[in-house]
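The values are calculated or read from the model by the stated rules, or taken from the named source; none is laboratory data. Small disclaimer: the values here were computed from a predicted structure and weren't measured. Backbone-built Cβ (ideal geometry, glycine too); neighbour counts: all protein chains shown. Ligands, DNA and RNA are stripped out before the accessible areas are found, and what is left, the full protein with its side chains, is counted by its heavy atoms. Shrake-Rupley method; radii C 1.70, N 1.55, O 1.52, S 1.80 Å.
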Amino acid sequence: MRSSWTTRPENAGDVAAIRDINLAAFPTPHEADLVEALRADPQAWITGLSWLAEAPGGDLTGYALLTRCHVGDSPALALGPCAVRPEHQRQGAGSAAIHAALHAARQQGENLVVVLGHAEYYPRFGFTPASGYGIRPPFDVEDKYMMALALAPERPVPSGVIRYPAAFGV
């Protein structure tokens, strides 16, 4: 893992670079389009929760996004898309962006993050199966892929079905 990544929140000049990172990281433009749709949704987008990892020299290489969702009637955050340019994958850029985004969410007083993703990857950030909290996705997926992270363990964690922003299409 590379220790020289710097992280920072997205700024207005980063929109094209974020799209490029997502286009490079995924086989279709779906994730890049999703980021743009979420950015255009004032009920989903939260300023300060779109994070970039920068390589030494300033190249933007990694990305992590947290947007507003709900668990039952309680506000929560959805993590994703997360993306890293292929030439920088498995070097810590994605982890750096995710750690920074989760830290920012804690600083903003958020309580819960859910993620649908690789069961081998996300536990390193503290994610565990969402079902352990009584949280369920609105679609069928194997239990180990739907995970949750309580950001403020002293606060109660809501349970129920996840309601994603409309851009997710679920």
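For the set THR6, THR67, THR47, the ranking by accessible area, highest first and with no ligand, DNA or RNA atoms included, is THR47, THR6, THR67 under a 1.4 Å probe.
Taking the longest Cα principal axis of the chain as reference, the axis of helix 93-107 is set at about 50 degrees. Relative to the longest principal axis of the Cα atoms of the chain, the long axis of helix 30-39 lies at roughly 70 degrees. Cα centroid separation, the range 150-166 to the range 56-78: 14 Å. Charge dipole (Cα centre; +1 on Lys/Arg Cβ, -1 on Asp/Glu Cβ; no other charges) of the range 24-105 amounts to roughly 160 debye.
With a ≥ b ≥ c the root eigenvalues of the C-alpha gyration tensor of the range 1-82, is it rounded (a/c under 1.5), prolate (a/b larger than b/c) or oblate? Cα axes put the range 1-82 in the prolate bin. Computed over protein heavy atoms with a 1.4 Å probe, the accessible surface of the chain works out to 48 Å² per residue. A probe of 1.4 angstrom, applied to the heavy atoms of all protein chains, finds THR7 with accessible area near 60 square angstrom.
As a length-normalised measure over Cα pairs under 8 Å and 6 or more apart, the relative contact order of the chain settles at 23 percent.
For the chain, the longest principal axis of the C-alpha atoms and the axis of helix 15-25 are separated by about 80°. Split the accessible area of the range 64-170 by element, probe 1.4 Å, and carbon with sulfur accounts for 50%.
Which shape class, rounded, prolate or oblate, goes with the range 81-134 when its Cα gyration tensor gives a ≥ b ≥ c as root eigenvalues, a/c under 1.5 marks rounded, and past that a/b bigger than b/c marks prolate? Cα axes put the range 81-134 in the oblate bin. A convex hull fitted around the alpha carbon atoms of the chain yields 113 Å³ per residue. Of the listed residues GLU110, GLU154, GLU36, GLU87, the order by accessible area with a 1.4 Å probe, largest first, is GLU154, GLU87, GLU36, GLU110.
By DSSP, what percent of the beta bridges with both residues in the chain are antiparallel, rounded to the nearest 5? Within the chain, antiparallel bridges account for around 85 percent of the total.
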